[in-house]
Amino acid sequence: MKNVTMEKELKARYDHAQSFYGKAKIIVADDAVYLRSYQTIVCSIDKDGHFRRHWGKYSNTTMRHINEFLKQYGINEGGKKYWESLEVVGF
């Protein structure tokens, strides 16, 4: 993660919840946009639009955060099967 320029709460626009209550954050950096769920960076979208998985685990709540993040950035993927098909990469 290079030069963080902004951090903001992930708002629930597509999810049925009214809010994620500050548990999910979007971090904008020079190299990518990252999603932090609870205190873990779980994924990112780089400047070329490539989605990257950084967290090797799965939880229902974090998957809801990830699905929301994907939809807000125009990526029509998501769900457990998609998540588990991705390679875990460092950042």
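Structure notes:
- Meets criteria (in contact with a Cys (Cβ under 9 Å, 6 or more places away or on another chain), in contact (Cβ under 8 Å) with a residue 24 or more places away in the chain and surrounded by 10 or more Cβ atoms within 10 Å (Cβ to Cβ)) for F20: no
- Of the residues making up the stretch 46-60, just one is closer than 22 Å to S19 by Cα and either of a type in the set (F, W, Y) or under 12 Å from the mean Cα position of the chain (by Cα) (or both), namely Y58.
- Residues of the stretch 50-73 satisfying the condition of being touching a residue at least 24 places away in the same chain (Cβ under 8 Å) and more than 14 Å from L10 (Cβ to Cβ): F51, R52, R53, H54, W55, G56, Y58
- Checking each residue in the stretch 4-27 for being touching a strand residue (DSSP E or B) at 6+ places or on another chain (Cβ under 8 Å) and among the polar types (S, T, N, Q) picks out only T5.
- Among the residues of the stretch 23-43, those that are more than 14 Å from F69 (Cα to Cα) and either of a type in the set (S, T, N, Q) or surrounded by fewer than 12 Cβ atoms within 10 Å (Cβ to Cβ) (or both) comprise D30, Q39, T40.
- Note on the stretch 44-91: residues that are surrounded by 15 or more Cβ atoms within 10 Å (Cβ to Cβ), of a type in the set (A, V, I, L, M, F, W, C) and part of a loop (DSSP other than H, G, I, E, B) total 2.
- Residue list for the stretch 74-91, filter: closer than 26 Å to N3 by Cβ and free of Cβ contacts under 8 Å to residues at least 60 places away in the same chain: G74, I75, L86, E87, V88, V89, G90
- Of the residues contained in the stretch 37-49, one or more are found to be without any contact (Cβ under 8 Å) to a residue 12 or more places away in the chain, at negative phi and not charged (D, E, K, R).
Here, each number is a calculation from the coordinates, and none is a lab measurement. Since the model is a prediction, treat every value here as computed from it, not as a measurement. For neighbour counting, all protein chains shown are included, and Cβ atoms are generated from backbone atoms with ideal geometry for every residue, glycine included.
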